[in-house]
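Here's the structure, in structure tokens; my notes come after.
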Amino acid sequence: GQSLEQPSEVTAVEGAIVQINCTYQTSGFYGLSWYQQHDGGAPTFLSYNGLDGLEETGRFSSFLSRSDSYGYLLLQELQMKDSASYFCAVRGAGGFKTIFGAGTRLFVKA
Amino acid sequence: DTAVSQTPKYLVTQMGNDKSIKCEQNLGHDTMYWYKQDSKKFLKIMFSYNNKELIINETVPNRFSPKSPDKAHLNLHINSLELGDSAVYFCASSQAVGSEKLFFGSGTQLSVL
């Protein structure tokens, strides 16, 4: 089976950097993804790591270590609009389905 | 143009009723999904279709019946609604079965009274 663990809540101040960790257990690994969801909104894709290392997209970066079954999402220069839930996700079942973690609620304070 | 659109956005109904949620994607994707998000925001996959064929059925009660008339549409019919069915239901699509990027619709908030 698959399971993912991420912190339930993180609080940070505007302009700061925050890291959201994710550890996973999966039979067969096809990559780690991150999604953002604002209250009342739909999850939107942020990034994907299929191989070890860092992927950068603007203020957001994502890291993967397959040997440690671990990844993180790094958000820099935090803005109030970054307050949202962030989900890590892995593909299981031969890569056919995406399984989501329980989500990390990020609160950005002024 | 909305990439993945689902209707209705809100659905309030009584226990025991039957209801449907419709989903359409205009991205030309081959694969579509239904996810259920509960009150704790846990997102759980329910079904996946690839080119109108069911490929994933996550032990969902058979009161839930998906239908895909073509690869751009995936509807969800729910019979004999129960209180525990209250949740937000998201439709999603991806380019192909193994694609890492899912595109989600705006969700349908179902409240069963």
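None of the figures in this text is laboratory data; all of them are computed from the coordinates on show. Small disclaimer: the values here were computed from a predicted structure and weren't measured. As a convention, Cβ positions derive from the backbone with ideal geometry for all residues, glycine included, and neighbour counts pool all protein chains shown.
Close amide H partners of A:Val10, meaning residues 5 or more places away or on another chain with modelled amide H under 5 Å apart, are A:Arg105, A:Leu106, A:Phe107. In plain terms, the chain from B:Thr2 to B:His73 could stretch by 24.2 nm, reckoned as 0.36 nm per residue minus the Cα-Cα distance. Once the Cβ-Cβ distance of B:Val12 and B:Phe42 is raised to the sixth power relative to R0 = 22 Å, the FRET efficiency obtained is 0.50.
Across every direction, the projection of the convex hull enclosing the Cα atoms of the stretch B:70-113 has a mean area of 4.1 nm².
Among the listed pairs A:Lys81/B:Lys36; B:Lys9/B:Lys36; A:Lys97/B:Lys19; B:Lys41/B:Lys101; A:Lys97/B:Lys101; A:Lys97/B:Lys52, a Cα-Cα separation exceeding 23 Å is found for A:Lys81/B:Lys36; A:Lys97/B:Lys19. Set the Cα radius of gyration of chain A against 2.2 N^0.38 Å, with N its number of residues, and you get 1.02.
Net charge around B:Ser99, counting only other residues with Cβ within less than 13 Å of its Cβ (Lys, Arg = +1; Asp, Glu = -1)? That sum, taken over residues with Cβ under 13 Å, equals +1.
Convex hull volume per residue, computed on the Cα atoms of chain B, equals 92 Å³. Alpha-carbon geometry of the protein assembly as shown: the Rg and the Dmax are 17.5, 51 Å, given in that order.
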